[in-house]
Amino acid sequence: MSEYHVAMLVGSTRQGSLNQRLARAIEKLAPQSLKFNWVQMDDMPFYNADLEEDRPAAVKRFVKEIQAADAICIVTPEYNRSIPAVLKNAIDWGSKPPEDNVWNNKPIAMAGTSPGAAGTALAQSHLRQILPILGSHILPGEVYITFKSPDLIDENGTVNDDSVQGFIAGLPERFAEFIDTFSKR
Ligand code: FNR
């Protein structure tokens with residue numbers, strides 16, 4: 001299988017973020033063919049069309065990194081039954097102007113974790129509503145992880161539960177095949 005570059009977008013930047021741990025686990029368990037690049041989102045201002053004439057440097061950098069990626073992996077918490085504003089803002093910047101929409105034709109995988117039982121189901125459902133409109137191809141299947149014990153996944157992305165590890169590993173494995181299929185179209 002060819003090598004593919006995957007932009008990793010994590011919807012939480014706080015220290016000790018559970019979703020950052022999950023993102024590290026996905027990266028660790030991924031096949032060798034996937035190379036991850038964590039892309040920063042929290043240095044961009046809120047979208048404002050007045051800034052379009054001279055886009056902020058952080059926006060230009062973000063767009064370039066997403067354009068350079070073969071695929072995108074979004075790992076995000078759920079905030080009040082939706083996605084965090086930092087992630088929505090990044091999606092909005094990347095979607096404009098329509099002829100340069102960076103999400104168009106990109107294979108996208110998503111996952112998320114929360115201490116709550118239905119952790120991130122609704123946030124992911126919102127992503128599945130937003131991204132296809134922008135032309136993205138979403139990996140089928142759902143990966144929600146209930147972070148049921150404080151050490152379920154450690155800071156290095158090591159998963160301390162065999163069945164949860166197997167479940168998480170399935171995501172990058174399926175994604176590698178999915179990206180491969182799209183690249184051959
Ligand atoms: C939350 N949390 C949360 N959890 C959930 O399952 N559904 C939700 O709607 C919300 N809403 C919500 C709103 C806001 C503003 C915050 C700060 C938190 C809890 C959230 O899942 C928990 O704090 C996670 O640990 C956040 O992810 P990180 O930062 O650990 O990656």
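Listing for the model above:
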read-out: Test: LYS28 is more than 12 Å from the ligand (Cβ to nearest atom), closer than 18 Å to ASN101 by Cα and open to solvent by 80 Å² or more (accessible area, probe 1.4 Å); value: no
read-out: Considering residues of the stretch 1-25 that are away from the ligand (no atom under 16 Å from the Cβ) and open to solvent by 60 Å² or more (accessible area, probe 1.4 Å) only, the residue modelled with the lowest pLDDT; value: MET1
read-out: Complete set of residues in the stretch 99-116 that are within 11 Å of the ligand (Cβ to nearest atom) and either polar (S, T, N, Q) or out of contact with any strand residue (DSSP E or B) (no Cβ under 8 Å at 6 or more places or on another chain) (or both); value: THR113, SER114
read-out: Residue that is modelled with the highest pLDDT [pool: residues in the stretch 117-133 that are within 11 Å of the ligand (Cβ to nearest atom) and loosely packed, with under 13 Cβ neighbours inside 10 Å]; value: ALA117
read-out: Tally, over the stretch 160-176, of residues that are outside any helix (DSSP H, G or I) and under 19 Å from the mean Cα position of the chain (by Cα); value: 0
read-out: Top-ranked residue of the stretch 175-184 - restricted to ones that are open to solvent by 20 Å² or more (accessible area, probe 1.4 Å) and in contact with a Pro (Cβ under 8 Å, 6 or more places away or on another chain), ranked as nearest to PRO77 (Cα to Cα); value: PHE178
read-out: Residues (aliphatic (A, V, I, L, M), in a loop (DSSP other than H, G, I, E, B) and within 16 Å of the ligand (Cβ to nearest atom)) located in the stretch 46-87; value: ILE83
read-out: Selected residue (only one of ASP162, ASP151 is within 16 Å of the ligand (Cβ to nearest atom) and loosely packed, with under 13 Cβ neighbours inside 10 Å); value: ASP151
read-out: Failed item, numbered, when TYR47 is tested on (1) free of Cβ contacts under 8 Å to residues at least 60 places away in the same chain; (2) under 18 Å from LEU134 (Cα atoms); (3) out of contact with any helix residue (DSSP H, G or I) (no Cβ under 6 Å at 6 or more places or on another chain); value: (3)
read-out: Selection from the stretch 56-81 of residues that are open to solvent by 40 Å² or more (accessible area, probe 1.4 Å) and more than 21 Å from HIS5 (Cβ to Cβ); value: ALA57, TYR79, ASN80, ARG81
read-out: Odd one out for ASP43, checked against (1) closer than 27 Å to ILE179 by Cα; (2) open to solvent by 50 Å² or more (accessible area, probe 1.4 Å); (3) away from the ligand (no atom under 13 Å from the Cβ); (4) not in a strand (DSSP E or B); value: (1)
read-out: Subset of the stretch 1-40 (residues that are assigned to a loop (DSSP other than H, G, I, E, B) and hydroxyl-bearing (Ser, Thr, Tyr)); value: SER2, SER12, THR13, SER17, SER33
read-out: Flag if ILE108 is surrounded by 14 or more Cβ atoms within 10 Å (Cβ to Cβ) and touching a residue at least 40 places away in the same chain (Cβ under 8 Å); value: no
read-out: Test: residue in the stretch 52-59 that is within 12 Å of the chain's Cα centre (by Cα) and in contact (Cβ under 8 Å) with a residue 24 or more places away in the chain; value: no
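The values are calculated or read from the model by the stated rules, or taken from the named source; none is laboratory data. No experiment lies behind these values; they were computed from the predicted model shown. So basically every Cβ, Gly included, is an ideal-geometry build from the backbone, and we count neighbours across all protein chains shown. Protein only, heavy atoms only, side chains kept; ligands, DNA and RNA dropped before computing areas. Shrake-Rupley method; radii C 1.70, N 1.55, O 1.52, S 1.80 Å.
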